[in-house]
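The values are calculated or read from the model by the stated rules, or taken from the named source; none is laboratory data. Computed from a predicted model, the values in this text were never measured in an experiment. Positions of Cβ are generated from backbone atoms using ideal geometry, with glycine treated the same way; all protein chains shown enter the neighbour counts. Calculation scope for accessible area: heavy atoms of the full protein, side chains included, ligands and nucleic acids excluded. Shrake-Rupley method; radii C 1.70, N 1.55, O 1.52, S 1.80 Å.
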Amino acid sequence: MARFLSPNILLGIAPIVLIVALWQGLVSFGFAPAVLLPPPGFVFNRLLQQLATWTFQQEIVATLIRLFAGFAIAVVLGVSLGIAAAASPAINAVVRPIVRVLAPLPKVALYPALLLLLGFGHGSKISLVTADALFPILLSTYYGASTVEQKLIWSAMAAGTRRTEILFKVVLPAAMPSILTGCRIGLVISCIVVFLAEMITSTDGLGHALVTAARTFQAVDMFVPLITISLLGLILNALLGALRSYLLRGFPEA
């Protein structure tokens with residue numbers, strides 16, 4: 001058991017324990033009424049009850065479908081455009097001004113237009129997740145592909161490797177650490193955005209569950225979706241971190 005509790009894991013758990021302790025202290029010492037801020041024990045107990053219900057499981061599935069679909073599209077588009085922009089000056093000349101204009105724009109401002117175009121179903125929410133997660137992945141991919149050592153490319157060309165093969169056998173593997181860093185940032189953003197989109201307008205999902213609980217003044221049920229999306233983000237980030245360690249097992253920084 002002790003070997004699994006590495007210093008890094010303990011350091012990661014410590015802030016969570018402190019937050020829960022602070023939460024319990026605020027309730028216990030009367031700084032916040034239990035009606036508005038229920039004790040963490042009540043919330044976690046309710047979470048376990050909700051996880052066993054089919055209705056709440058459907059809410060989680062709806063959120064995950066939108067999250068994974070939007071994130072997957074962002075990865076495909078971001079990696080493709082990033083590598084293409086790094087490899088071609090012409091594509092770079094087209095992509096760079098678009099990124100400069102759209103990257104700083106709060107993508108949630110586009111949500112009303114997406115609702116009009118794609119409706120209130122999965123499409124508008126997936127599109128918003130894609131729009132928000134795209135730019136960190138694209139920029140990280142472009143940076144990683146642009147900083148590949150020219151010696152590697154020249155060596156491949158001298159060996160008679162075709163340009164497309166250089167792209168996939170040299171540039172893409174060399175840029176992989178930067179790409180995966182962008183993906184981790186994009187994944188965190190995806191969790192935030194899908195929850196926000198469901199809060200604004202949805203008939204299902206964890207964000208919708210929170211808004212429904214808030215409208216009926218169910219404080220305990222209101223905290224359950226918040227903790228659930230946090231746990232999902234923690235689990236997905238850990239899985240992506242494990243994938244990163246596996247894919248970069250030959251890299252010194254891994």
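Roughly speaking, what % of Cα-Cα pairs in the stretch 17-114 are separated by over 16 Å, rounded to a whole number?
So the pairs more than 16 Å apart make up 76 percent of the total in the stretch 17-114.
Taking the chain as the reference, fit the longest principal axis to its C-alpha atoms, fit the long axis of helix 219-247 to the helix C-alpha atoms, and give the angle between the two in degrees, 0 to 90, nearest 10.
Taking the Cα atoms of the chain, the angle to 219-247 is about 30 degrees.
Treating the angle as unsigned and between 0 and 90°, give the value, to the nearest 10°, between the Cα long axis of helix 89-102 and the longest Cα principal axis of the chain.
Around 20 degrees separate the two axes.
With axes computed from alpha carbons, what is the tilt in degrees of helix 122-146 against the longest principal axis of the chain, rounded to the nearest 10 within 0 to 90?
The two axes meet at around 40 degrees.
Once you put a point 7 Å from the Cα of Val101 and another 7 Å from the Cα of Thr53, both along the Cβ direction, what distance in nm separates them?
A separation of 4.7 nm, rounded to one decimal place.
Mind checking which of Leu18, Leu167, Leu110 has the largest fluctuation in a GNM of the chain, springs on alpha carbons under 10 Å?
Among Leu18, Leu167, Leu110, the largest GNM mean-square fluctuation belongs to Leu18.
Using a probe radius of 1.4 Å on heavy atoms only, what accessible surface per residue do you get for the chain? Whole Å² is fine.
Averaged over the residues of the chain, the accessible area is 58 Å².
Tell me, rounded to the nearest percent, the portion of alpha carbon pairs in the chain spaced more than 26 Å apart.
53
Where in the chain is the longest stretch that carries no trypsin sites (Lys or Arg not before Pro) classed as loop by DSSP and with at most 15 other Cβ atoms within 10 Å? Walk me through the numbers before you get to the answer.
Details: sites that count: Arg162, Arg249.
Value returned for the longest uninterrupted segment is 1-161.
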